[in-house]
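Below you'll find the structure, written out as structure tokens, and then a few comments.
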Amino acid sequence: MIAAHDFNDAPHVHGEMIFTDFFDWLNFLGKKSMKIKKYQWLIKIHPAKYEDNLGHMDFFLKKYPSFSLLPKSMTHNEILSKGIRCVLSSYGTIGHEYPYFGVPVINAGENRHSGYKFCINPKNFKEYNNLINNISKTKVPKNIDKIYECYAMLNLVDFNLFDELDFSEKKLNSLYIFKHFFSKYDQKSINLIEKKYFNFINSKKRRLIKFLY
């Protein structure tokens, strides 16, 4: 299944993408779908601005008859029940959602899961192309326990080291940010941050609300 992105989203928001953009990515997969006939190539359109994205997707559905569009109303539980073998994404949250249910996800660039091993993150086009050519050999995800950590960092932690300052992009990409950090945080304050994180984990509360020092 190809988990398509909102065509209005920035393709390189998490860093380098293997392809130029989402059009380039889908065009590549479309060509693969015409050559590799043993798979059923399903398209799941991103729910954001669905009708706009459907207009863009129509181009690929007409160009590549091997693509099959999943119904808008089909839930992920229903998709999983169909026995999905593998999911293709660029940087979507599906990268941690489907591995949790034992379905491998192959990303097409740097993403929010790049530091984890529960989904597949090829480093270049050669690796990606080889993975697509051998989807049937894709293994069931490992390191599933790390999905909890990843989910917490993405959705449950509301914390900003420099909440009191409004940094410009220029300052964020300079030594200024390091000077500010070391002027504000010493080992004692860092230990306090760690203690509050561990207290949150042990409390079993749903969300860590940002705290003051």
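The table below lists the values:
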| quantity | calculated |
| --- | --- |
| Residues satisfying the stated conditions in the stretch 35-54, i.e. open to solvent by 100 Å² or more (accessible area, probe 1.4 Å), basic (Lys, Arg), touching a residue at least 24 places away in the same chain (Cβ under 8 Å) and under 18 Å from LEU88 (Cβ atoms) | LYS37, LYS38 |
| All positions within the stretch 132-158 that are at negative phi, modelled with pLDDT under 90 and of a type in the set (S, T, N, Q) | SER136, ASN155 |
| Selection within the stretch 62-71 - surrounded by 14 or more Cβ atoms within 10 Å (Cβ to Cβ) and over 16 Å from LYS37 (Cα atoms) | LEU69, LEU70 |
| Test: ASN111 is modelled with pLDDT of 90 or more, of a type outside the set (A, V, I, L, M) and under 20 Å from HIS12 (Cα atoms) | yes |
| Top-ranked residue in the stretch 91-147 [being in a helix (DSSP H, G or I) and among the charged types (D, E, K, R); ranked as nearest to the chain's Cα centre (by Cα)] | GLU97 |
| Residue in the stretch 98-114 that is within 26 Å of LYS38 (Cα to Cα) and open to solvent by 70 Å² or more (accessible area, probe 1.4 Å) present | yes |
| Flag if SER89 is within 18 Å of SER136 (Cα to Cα) and at pLDDT 90 or above | yes |
| Pairs, first more than 15 Å from ASN124 (Cβ to Cβ) in the stretch 5-24, second assigned to a loop (DSSP other than H, G, I, E, B) and open to solvent by 80 Å² or more (accessible area, probe 1.4 Å), C-beta under 6 Å, six or more apart | HIS14/GLU110 |
| In the stretch 2-26, the residues that are open to solvent by 20 Å² or more (accessible area, probe 1.4 Å), farther than 15 Å from TYR50 by Cα and part of a loop (DSSP other than H, G, I, E, B) | ALA10, PRO11, HIS12, VAL13, HIS14, GLY15, GLU16, ILE18, THR20, ASP21 |
| Scope the stretch 84-132; condition among the polar types (S, T, N, Q) and touching a residue at least 24 places away in the same chain (Cβ under 8 Å); matching residues | SER89, SER90, THR93, ASN111, SER114, ASN124 |
| Contacts under 6 angstrom Cβ, first residue in the stretch 55-83 being farther than 11 Å from LEU42 by Cα, partner modelled with pLDDT under 95 and not polar (S, T, N, Q), 6 or more apart | HIS56/PHE7; MET57/ILE45; LEU80/PHE101 |
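The values are calculated or read from the model by the stated rules, or taken from the named source; none is laboratory data. Here the structure is a predicted model, which means the values were calculated and not measured. Ideal geometry is used to build each Cβ from the backbone, glycine not excepted, and the neighbour counts take in all protein chains shown. What goes into the accessible areas is simple: the full protein's heavy atoms, side chains included, and nothing from ligands, DNA or RNA. Shrake-Rupley method; radii C 1.70, N 1.55, O 1.52, S 1.80 Å.
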